[in-house]
């Protein structure tokens, strides 16, 4: 049996920010439906795509409640893509940049983290070396 192809995507746009994210999610959808192995590396704003605490909200400007507004949540899209990949014999590996997760406060959403350097506490500045003077 021939080995399935692997596709890798690098995403950086936050949810609802541009059509590039929608296009990438559509391409990933096609790939997982065909049973391909798909790797996604999300950095910058894209780490918010699978953010676990996304919630629908009403639209007071248009006078619509939560049910009437019926928001599409990208966390649900990512979960559906993973389920679709499993169902079709493929796989979806979604990796969020660890530094980006920390910077955007998206920690509850992460499925896996990037480099170990991302585990550094966030202080807003780099630690001083012992030879640096104040």
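With (1) within 30 Å of residue 5 (Cα to Cα); (2) at pLDDT below 90 as the list, and residue 33 as the residue in question, which single condition is left unmet?
(2)
Which condition from (1) modelled with pLDDT of 90 or more; (2) in contact with a helix residue (DSSP H, G or I) (Cβ under 6 Å, 6 or more places away or on another chain) is the one that residue 58 breaks?
Going through (1) modelled with pLDDT of 90 or more; (2) in contact with a helix residue (DSSP H, G or I) (Cβ under 6 Å, 6 or more places away or on another chain) one by one, residue 58 breaks only (1).
Checking residue 36 against (1) more than 10 Å from the chain's Cα centre (by Cα); (2) surrounded by 12 or more Cβ atoms within 10 Å (Cβ to Cβ); (3) closer than 19 Å to residue 97 by Cα: exactly one of these is not met. Which one?
(3)
This table checks each residue for (1) out of contact with any helix residue (DSSP H, G or I) (no Cβ under 9 Å at 6 or more places or on another chain); (2) within 16 Å of residue 11 (Cβ to Cβ); (3) at pLDDT 95 or above; (4) exposed (fewer than 14 other Cβ atoms within 10 Å of the Cβ).
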{"position": "44", "(1), (2), (3), (4)": "no, yes, no, no"}
{"position": "118", "(1), (2), (3), (4)": "no, no, no, no"}
{"position": "123", "(1), (2), (3), (4)": "yes, no, no, yes"}
{"position": "126", "(1), (2), (3), (4)": "yes, no, no, yes"}
{"position": "131", "(1), (2), (3), (4)": "yes, no, no, yes"}
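Looking only at residues that are touching a strand residue (DSSP E or B) at 6+ places or on another chain (Cβ under 6 Å) and at pLDDT 90 or above in region 1-28, which one is surrounded by the most Cβ atoms within 10 Å (Cβ to Cβ)?
If we filter region 1-28 for residues that are touching a strand residue (DSSP E or B) at 6+ places or on another chain (Cβ under 6 Å), which is where we start, we get 4, 6-11, 24, 28.
Filter once more, so that each one left must be at pLDDT 90 or above: 6-11, 24, 28.
Working: 6: 13, 7: 17, 8: 10, 9: 16, 10: 12, 11: 21, 24: 20, 28: 24.
Selected residue: 28.
Kindly provide the set of residues from region 57-71 that are closer than 19 Å to residue 17 by Cβ and surrounded by fewer than 12 Cβ atoms within 10 Å (Cβ to Cβ), ordered by number.
57
Determine, yes or no, whether residue 89 is at pLDDT below 70 and either within 13 Å of residue 50 (Cβ to Cβ) or loosely packed, with under 15 Cβ neighbours inside 10 Å (or both).
No; evaluated as a whole, the condition is false for this residue.
From (1) surrounded by fewer than 21 Cβ atoms within 10 Å (Cβ to Cβ); (2) assigned to a helix (DSSP H, G or I); (3) out of contact with any helix residue (DSSP H, G or I) (no Cβ under 7 Å at 6 or more places or on another chain), pick out the condition that doesn't hold for residue 31.
It fails just one condition, (1).
The values are calculated or read from the model by the stated rules, or taken from the named source; none is laboratory data. Just so we're clear, the structure is a prediction, and the values are computed from it rather than from any experiment. When we count neighbours, we look across all protein chains shown, and the Cβ atoms used for this are built from the backbone with ideal geometry, even at glycine.
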